[in-house]
Amino acid sequence: MSDSKAVRGPRDEKADKRTSLPTFYRQVVAELRKVVYPTQEQLVTYFFVVMVFVIVMIALVSALDLAFGKLVFEIFTGPDQT
């Protein structure tokens, strides 16, 4: 059996120390400066891709709901009495 430090090793004393609030804030700001924001053209493209996907999914779910609704209605009402 292997001795894994991830499971049984002594805890690192440095890992238990919490970061102060100002240090945390500075780290957050530094990470946000690394973010690459999309251009307006990319944003418009992503918007339309998402909208088309959502509309297709709405149509699919609506069609399935209508089909299953009619199927259940036919099962529970029985044959037409006309």
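The values are calculated or read from the model by the stated rules, or taken from the named source; none is laboratory data. All values reported here derive from a predicted model rather than from experimental measurement. As a convention, Cβ positions derive from the backbone with ideal geometry for all residues, glycine included, and neighbour counts pool all protein chains shown. These accessible areas exclude ligands, DNA and RNA; they are computed on the full protein's heavy atoms, side chains included. Shrake-Rupley method; radii C 1.70, N 1.55, O 1.52, S 1.80 Å.
Here are the numbers for this structure:
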| item | result |
| --- | --- |
| Subset of segment 68-82 [open to solvent by 80 Å² or more (accessible area, probe 1.4 Å) and part of a helix (DSSP H, G or I)] | F68, K70, L71, F73, E74, I75, F76 |
| Pairs, first open to solvent by less than 90 Å² (accessible area, probe 1.4 Å) in segment 31-56, second not charged (D, E, K, R), C-beta under 8 Å, six or more apart | P38/Y46 |
| Criterion violated by D65 - all others in (1) assigned to a helix (DSSP H, G or I); (2) of a type in the set (D, E); (3) modelled with pLDDT under 95 satisfied | (3) |
